[in-house]
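Engineer: The structure follows.
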Amino acid sequence: MTVLFLIITIILFVGIDWIVRSLKAGRAMPLAPIAPRAVQPGLQTAMPVRTPQGIFFARSHTWLNLFPSGKVRLGLDDFVGRMLDRPEIIFLKREGEHVKRGEPILVLLEGSRSLTVRAPLDGVVLTRNEELARNPSLLKEHLFSDGWAYAMKPDRPVDLREMLFGEETRTWMREEFRRLRDVFAGVGTDEKVVPALLQDGGAPVADALKQMDEQVWKRFEESFLSIQ
């Protein structure tokens, strides 16, 4: 009787194992490809603005990725980066330097015009990403992985609580698009030019700022890159 019970138990476990493996195999089966949705012609050149989960955003248009060690990687966000073509990136801080919130840390040069990016928090520069200066296309291709500018040790990690996160970031970004339209239209720019630089929803087309004059660059920096 004991032997029979043992055999039945083994068969039972083998059967359960087979069922579990079959279910797993079923979930792993590739799904039929989904046909891509048609894109409206007017939206094909719209600037994609990436706001991934797990990333903090400052209202001065920088992003911060927090590591378990307490350090952060800091970079320029997609709202600004996608409006430029291939900017020359100039680092203003060196390893070991202490940075105060609001201090200039980067300069972006596009031809004869420039934008100054400011630190969103106090901290010490641990290292800077020299590859970003050599390859500015990282801003567009690998922004949140290889496109960072500085690694820093914040003086007060709790300052990250003041940053935007998750859905709050996306709500804020939509408002920034609205403000951008006002900036483009409010500096004497030909009204016929503005719609060509902004797609549905207010998202700027790629390299939009490159097409604007120095007055617009100055107002853009004051409106979007300043520290409140």
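Engineer: As an exercise: evaluate A203 against (1) at pLDDT 90 or above; (2) surrounded by 16 or more Cβ atoms within 10 Å (Cβ to Cβ) and give the number of the one condition it does not meet.
Structural biologist: (1)
Engineer: Regarding segment 110-123, can at least one residue be identified that is within 18 Å of the chain's Cα centre (by Cα) and in a helix (DSSP H, G or I)?
Structural biologist: Checked against the condition, which is being within 18 Å of the chain's Cα centre (by Cα) and in a helix (DSSP H, G or I), segment 110-123 yields no hits at all.
Engineer: OK, next. Might you check whether a residue that is surrounded by fewer than 22 Cβ atoms within 10 Å (Cβ to Cβ), closer than 19 Å to G70 by Cβ and β-branched (V, I, T) occurs anywhere in segment 113-124?
Structural biologist: yes
The values are calculated or read from the model by the stated rules, or taken from the named source; none is laboratory data. On a predicted model such as this, the values are computed, not experimentally measured, just so you know. When we count neighbours, we look across all protein chains shown, and the Cβ atoms used for this are built from the backbone with ideal geometry, even at glycine.
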